[in-house]
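As structure tokens, the structure follows; a few thoughts come after it.
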Amino acid sequence: WWAAYDSHNCESCNPRIDWKSASRQKVGNHEKVDFSVDGVVVLKGAIMDEALIAALGAECDRLSNTFLTSIISKFLLKFYLRYEHRLETRSEILRDWAVHGPFGKWAAQLLNTSEVRLYNTELIFHRGSESPTCKPAWHRDTVAAPFAPEVPSVVFNIYLHDIDAESDGLIYVRRSHLDPSSMPESIDIIEPRISVGDVLVHSANSYHTTSGRGCFKRRSLQFRYFAGTATLAHGPLRQAGPIPWTFAHAPGVAPHGLKLGDVLQGPWYPLVHPEPLEKEQRSVPEAKPWGILSLGRFVSESISLINTSTGKPAPGFIVMDGVVKNPEEWHWKPMGDTGMMLPSLKKAAWVHS
């Protein structure tokens, strides 16, 4: 409950879904181009068996809440009804989707790579009209990735219902993934329309948010992958708060046992394409769940590095708006209604408004 994952890592789980008949096998050429150019694409009708999505939703409802929902969502992220991650460690159905499903194959096609690894399976259920706020929260997923920003990556969003921008669906700044340290000169917002069975796909570097319109009680899952061989780069030059999502891969917090610079592999970052490795479908070896002291050390070091004598965030720091390259292009602003001051990209001010 308190660690928010199962270190046994679903090692006795087996794939049971016939994905060849339940899902599309190939990404279209035009979809590859859209993803490469825009940083986001919708794979229309990619999950062909809607009963699978209904079963996925039922499995999420069956899973008990952990610390992330019972404490973090209740007292900090009050707009979430439920927030969970590393679901593939806790459920045979979720592991089937994440490790054995079509995402690895699609990721290989979209990223033009021969190897793909998984780095998270998340659940986000919003409170909808019961939420204290439905304001947009622009960000790049780069801040929460275990690897460096230049590593090719992809996020597959599965909605358990139809959704669009008028019902608080995700919206994106077109081409914002091309430079995670800046913003395109011309701002063009993409507002996808999703039906059950569609898969919304974006780069971790794409600048995005929920629209803030409609305040819908949305229910979705995010399956996250990266390409090829990458090393652990989730160090203190990352924003360490205000949500655990931003430090979930840090050494001493995650149970992977890796040090900065180690290759991302093994049970915590399993290969999913071209084929999962049997040796990685097992418990996390000598797993050491996070504790208050290890968490406190990471957060303290991150805070000490971000607050420089110049009053600007340090170059190379990765925050919600992206990667700090030129500190003069950044300023500090409060996060939503929390009053917490966070670095914000000046060029994103128009987008925020």
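The values are calculated or read from the model by the stated rules, or taken from the named source; none is laboratory data. Please read these numbers as outputs of a predicted model, since none were measured by experiment. Positions of Cβ are backbone-derived with ideal geometry, glycine not excepted, and every protein chain shown enters the neighbour counts. To get the accessible areas, we keep the full protein, side chains included, count just its heavy atoms, and leave off ligands, DNA and RNA. Shrake-Rupley method; radii C 1.70, N 1.55, O 1.52, S 1.80 Å.
Computed values, structure above
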| quantity | calculated |
| --- | --- |
| Flag if residue 95 is in a helix (DSSP H, G or I), of a type outside the set (A, V, I, L, M, F, W, C), over 15 Å from residue 198 (Cβ atoms) and in contact with an Asp or Glu (Cβ under 7 Å, 6 or more places away or on another chain) | yes |
| Single residue of region 194-209 satisfying the filter (among the hydroxyl-bearing types (Ser, Thr, Tyr) and closer than 22 Å to residue 106 by Cα) that is surrounded by the most Cβ atoms within 10 Å (Cβ to Cβ) | 207 |
| Output for region 175-193, where each listed residue is open to solvent by less than 20 Å² (accessible area, probe 1.4 Å) and more than 19 Å from the chain's Cα centre (by Cα) | 182, 183 |
| Failed item, numbered, when residue 290 is tested on (1) buried (at least 19 other Cβ atoms within 10 Å of the Cβ); (2) under 19 Å from residue 148 (Cα atoms); (3) at pLDDT below 80 | (2) |
| In region 136-174, the residues that are out of contact with any strand residue (DSSP E or B) (no Cβ under 9 Å at 6 or more places or on another chain) and either without any contact (Cβ under 8 Å) to a residue 40 or more places away in the chain or crowded, with 21+ Cβ neighbours inside 10 Å (or both) | 150 |
| Meets criteria (open to solvent by less than 10 Å² (accessible area, probe 1.4 Å), modelled with pLDDT of 95 or more and not in a loop (DSSP other than H, G, I, E, B)) for residue 110 | no |
| Among residues of region 132-168, those that are under 22 Å from residue 107 (Cα atoms) and hydroxyl-bearing (Ser, Thr, Tyr), counted | 3 |
| Count of region 125-135 residues which are open to solvent by 20 Å² or more (accessible area, probe 1.4 Å) and at pLDDT 95 or above | 0 |
| Residues of region 57-71 satisfying the condition of being open to solvent by less than 10 Å² (accessible area, probe 1.4 Å) and over 16 Å from residue 245 (Cβ atoms) | 57, 60 |
| Single residue of 150, 115 found to be out of contact with any Leu (no Cβ under 7 Å at 6 or more places or on another chain) and acidic (Asp, Glu) | 150 |
| Residue among 193, 213, 224 that alone is closer than 26 Å to residue 126 by Cα and in contact with a helix residue (DSSP H, G or I) (Cβ under 7 Å, 6 or more places away or on another chain) | 213 |
| Subset of region 36-53 [charged (D, E, K, R) and in a helix (DSSP H, G or I)] | 38, 50 |
| Subset of region 16-32 [under 17 Å from residue 272 (Cα atoms) and surrounded by fewer than 15 Cβ atoms within 10 Å (Cβ to Cβ)] | 16, 18, 20, 25, 26 |
| Selected residue (criterion: least open to solvent (accessible area, probe 1.4 Å)) from residues of region 246-287 that are farther than 19 Å from residue 236 by Cβ and modelled with pLDDT under 85 | 287 |
| So residue 82, is it of a type in the set (Lys, Arg), in contact with a helix residue (DSSP H, G or I) (Cβ under 7 Å, 6 or more places away or on another chain), assigned to a loop (DSSP other than H, G, I, E, B) and open to solvent by 10 Å² or more (accessible area, probe 1.4 Å) | no |
| Flag if residue 34 is within 17 Å of residue 96 (Cβ to Cβ) and either charged (D, E, K, R) or out of contact with any Ser or Thr (no Cβ under 6 Å at 6 or more places or on another chain) (or both) | no |
| Residue that is modelled with the highest pLDDT, among those in region 332-353 that are part of a strand (DSSP E or B) and open to solvent by less than 80 Å² (accessible area, probe 1.4 Å) | 345 |
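To keep it simple, each residue is scored yes or no on (1) open to solvent by less than 10 Å² (accessible area, probe 1.4 Å); (2) among the polar types (S, T, N, Q); (3) in a helix (DSSP H, G or I); (4) modelled with pLDDT under 95.
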| site | (1), (2), (3), (4) |
| --- | --- |
| 9 | yes, yes, no, yes |
| 34 | no, no, yes, no |
| 55 | no, no, yes, no |
| 73 | yes, yes, yes, yes |
